[in-house]
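Novice: The structure is given below, and queries will be raised subsequently.
Every number in this text was worked out from the coordinates using simple rules, so none of it is lab data. Please read these numbers as outputs of a predicted model, since none were measured by experiment. Quick reminder, even Gly has a Cβ in these numbers, built from the backbone with ideal geometry, and neighbours come from all protein chains shown.
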Amino acid sequence: MLDPTATVDDTDLRDEWNVTAELGDDAPPRAPIDEDRKGYELIHGTWVEKPEMGLEASIITNLLQHLLTGHVLRNDLGSVAGAEGGYQLIATQPKSIRKPDVSYVAKGRMPAKVPTGNGKFAPDFAAEVVSPNDEAVALEQKLDEYLRAGVKLVWVVYPKTQTVYVYRPDGTAARKTVTESLDGEAVFPGLTVPIAELFKGM
């Protein structure tokens, strides 16, 4: 059983995804679900502040977004969003909005008019860069939601150990070390990212 107060390391991951995170008494007051709040995610109808990322995780997140955006633009694949790009992952759950650190929507799936607010669909790709302030149970709940919603590829980056976990909705997963590369698979055709590139100068 994971300690919900524990911070996340790559050793905290388990095979069981169906974990329910409990919200503390310090959760912000309820707000209308159509009112987006910067730095917050909507979880079961309550706006919950995202953990502060910190400088290291922020740099890695920006670098990953830059690498993905370059490949996507060169190949006209779709759209990459940053940490404030929100998604109602499941159409029947309007009281849940998730904001991956980096996300991507393929060209054929993005509405002709790009939403000015949150997308009412799941992205094709989501990435989370783990900071010391992230909690294990909250992260596992988020990953479970991504995979159940049909996100085709999820990367979880661990700066502390310089590793990346790769998850797919079919239940397969892989742990990649700093000497290996990430494959964009069918989501980002032709993309290869040496993991060492994400940790330059770290």
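Novice: Over all alpha-carbon pairs of the range 117-182, lay out the pair-distance distribution in 10 Å bins, whole %, shortest bin first.
Specialist: Percent of Cα pairs in each bin: 20, 51, 27, 3.
Novice: Output the peptides 132-143, 89-100, 110-121 sorted from most to least packed, where packing is the average of other Cβ atoms within 10 Å over each peptide's residues.
Specialist: 132-143, 89-100, 110-121
Novice: Picking from Val193, Thr161, Gly117, whose Cα lies most toward the positive end of the charge dipole for the range 93-202 (charges on Cβ: Lys, Arg +1; Asp, Glu -1)?
Specialist: Looking along the dipole axis, the top candidate is Gly117.
Novice: Can you compute 3J(HN,Hα) from phi for each residue in the range 87-94, using the Karplus curve 6.51 cos²θ - 1.76 cosθ + 1.60 with θ = phi - 60°, rounded to whole Hz and x for Gly and Pro?
Specialist: Values, residue by residue: 9, 7, 4, 10, 4, 7, 10, x Hz.
Novice: Give me the distance in nm between label points sitting 7 Å out from Cα along the Cα-to-Cβ direction at Asp183 and Gln93, one decimal.
Specialist: So the label points at Asp183 and Gln93 sit 2.9 nm apart.
Novice: Please report the Cα spread of the range 27-159 along all three principal axes, rounded to whole Å, starting with the longest.
Specialist: Its Cα atoms span 43, 35, 24 Å along the three principal axes.
Novice: Same structure, new question: Quick check on my link table: of Lys50/Lys113; Lys50/Lys99; Lys38/Lys120, which ones sit more than 19 Å apart, alpha carbon to alpha carbon?
Specialist: Lys50/Lys113
Novice: With +1 on each Lys and Arg Cβ and -1 on each Asp and Glu Cβ, how big is the dipole of the range 28-198 about its Cα centre, in debye rounded to the nearest 20? Don't jump to the answer; show the numbers that get you there.
Specialist: Values: 19 positive and 22 negative charges, 91 e Å.
Value, rounded to 20: 440 debye.
Novice: Which far-off residues, 5 or more places away or on another chain, put their amide H under 5 Å from the one on Asp124, with H placed in the peptide plane?
Specialist: Close amide H contacts, sequence-distant or interchain: Tyr104, Val105, Ala106.
Novice: Taking Cα centroids, how far is the range 93-138 from the range 158-202 in Å?
Specialist: 18
Novice: Figure the gain on full extension for Met202 and His44 (residue separation times 0.36 nm, minus the Cα-Cα span) and round it to one decimal in nm.
Specialist: Additional length available on full extension: 53.2 nm.
Novice: While we're here: Working out 0.36 nm times the residue gap between Arg74 and Asp170, then minus their Cα-Cα distance, what length gain in nm do you get to one decimal?
Specialist: Going from the current span to full extension adds 31.7 nm.
Novice: If one computes P(r) from the Cα atoms of the range 74-131, what percent of pairs lie at distances over 20 Å?
Specialist: Across the range 74-131, Cα pairs with separations above 20 Å total 21 percent.
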